[in-house]
Structure formats: structure tokens, C-alpha cells
1. Just want the ordering: H136, H153, from fewest to most Cβ atoms lying within 10 Å of their own Cβ.
2. E108 label point, 7 Å along Cα→Cβ, cut-off 16 Å on backbone N: hits in the range 186-218?
3. What spacing in nm lies between the two simple spin-label points modelled at Y7 and T96, each 7 Å away from Cα in the Cβ direction?
4. Report the full-extension gain for the segment T226 to L205: residue separation times 0.36 nm, less the Cα-Cα distance, to one decimal in nm.
5. Calculated from DSSP H runs of 4 or more alone, at -39500 (n - 2.57) each and per residue, what is the 222 nm mean residue ellipticity of the chain, nearest 500?
6. Of W146, W133, how do they rank once you tally other Cβ atoms within 10 Å and put the fewest first?
7. According to the square roots a ≥ b ≥ c of the eigenvalues of the Cα gyration tensor, what is the shape class of the range 150-248, taking rounded for a/c under 1.5, prolate for a/b larger than b/c otherwise, and oblate for the remainder?
8. Within the range 183-248, report the GluC sites (Glu not before Pro) that DSSP leaves as loop and that have at most 13 other Cβ atoms within 10 Å.
Amino acid sequence: MIKNYHYIDESRLDMYFDQIPFKLPKEKKRKTTVGISLTGPKLDLTEETSAKAFNKYEKIDIFTAFLEKNNLIDSKRPKITYGNDSEIPFVLETFTARKVIFNKELLENIPQLQQLVIWISDPEDSDLSDEPWNFHGTFLYLTELWMDDGRYHTVWSGCSALQAIVNKIEGRSLLNTITNTVEPLGRRNFTHPVTKLSKLGAIALEKRKVTSLYQKRYITNEQCFTKNKKKFRVNDLLGYPIYIASEL
């Protein structure tokens, strides 16, 4: 199957791939050399053996197979927050998402970036719950940037995963709680996360179906939004993608 790869984190892919304990297949290459002998010109045919070099697409397939074999990958994002601290670290998931872009003029605190891209996927309708204190369903945010190297863990009170992203954009630490009473990007604000970022100047593109292998970073139950005129409090998950792709 031919895919359109929108994003590949090649440095992270290489780091993980190089740690896979397996014997690399060998490639044989024939080499012809021309020499001089007492009887005139001489052709020598030699054969060299070297480890096969994999391209990035082959590395993705091999790394994914390694994760599956070692039970390090799930097929769906978590639906709830609590009890997920030591959960499987990677997810390979197909979902509908919107690409949201912060252009350079909004990235004063990350001057090395020309733009920051965030992919936002809504919770499944079937996961949403009307029951009080029953926060089911999860927004997914994939950033085309590893904002830190922290370990995956659950909620830091007062800091939704969306707030964590904006913290880095605005020059604060990832899990900074900017206020004790108002959470403009989490609880008590029932605007959709895409709209919340658009109000900060981000550009939102159309929805599209994509597949991503990503590593989970931070999950909370501190996100809110409105759907079909009903208000929901749900979870949100920050993930760092190894790749994001769609079918042609």
C-alpha cells in the first residue's frame, strides 16, 4: 500500500531502530577491478558483503513489528485518565484529525521553528458520557515537535494537555499551572480545542483521515467542549508522533 507521509520524525525513528536487537541481513555486491599483469590487462571480479541499509519506510515497518511482538503498542488511545500511568507507551491508530498551524510570528519563544503543527482528533461519540464525574472519551493532540523528554504520566491538576502545549509556545514549562481559578484552555471553557487555538492566532485546516504511530506523553481529564449543544468534560492526550500518514 502506497502512503502519503505528512510527517516522519527521522531522528527519533533512527534512535529507536538502532536499539532493536536483531541480526541485520547481508547484501552481496560484486566489484570488478582492472589490473595489469605480465600478460596484459587483467579483470578481477570480487564479492563484498555488507549489512543491508534500510530506508526510513522499511525502518517504520520493522520498528512497528518489534513493538507489536513485545506488546509495546496499542491500537487505540486511552478512553479514561486514571489507572493509565504504566500503560503501553505507543499507539498505532487511524483517526480523523484537523491540522492546526502556528506560524513563526506566534513562536517568539521557540525562535528556531518556522511553524508548529498540531494534529487534533476528537473523542469518539460513543465514548462520551452524561454521568457526573464520569469523564470518558479523549481528545488527541499530536505535535510535530518533541516538546520535552519527560516520561508519560497522568493529570497534573490545573493543566490540560492543550494548556501544556500552549505553555511551551508561550515560554513556560510544559506542566505549568498558570492560574488556580481559571483554566482558559481546559476546564470551565466549553469551546472546542481547535477554536481555542484559533483564538490564539493558529490556522486550522480541513479534517482528514490519517494513521499515526505515536508515543504518549501526558493525559488529563481536564478538557471540556460542546457537542450538539451538550457540554462534556473529557480527557485529552498529548502524543509525540513517529510518523503521520494517509492513504493515497
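Every number here is computed from the coordinates shown, using simple stated rules; none is lab data. Quick caveat, the model's predicted, so the values are computed rather than measured. As a convention, Cβ positions derive from the backbone with ideal geometry for all residues, glycine included, and neighbour counts pool all protein chains shown.
1. Details: H136 20, H153 14.
Ranked by crowding around the Cβ, least crowded first: H153, H136.
2. 200-202
3. Output for this residue pair reads 2.0 nm.
4. On the way: separation 21, 0.36 × 21 = 7.56 nm, distance 1.99 nm.
So the extension gain works out to 5.6 nm.
5. On the way: 4 runs with 37 residues, N = 248.
Theoretical 222 nm ellipticity from helices: -4500 deg cm²/dmol.
6. On the way: W146 14, W133 7.
Sorted ascending by nearby Cβ count, the order is W133, W146.
7. Working: a/c = 1.62, a/b = 1.21, b/c = 1.34.
The shape class here is oblate.
8. Details: sites: E206, E222, E247; in loops: none.
Hits after loop and neighbour filter: nothing returned.
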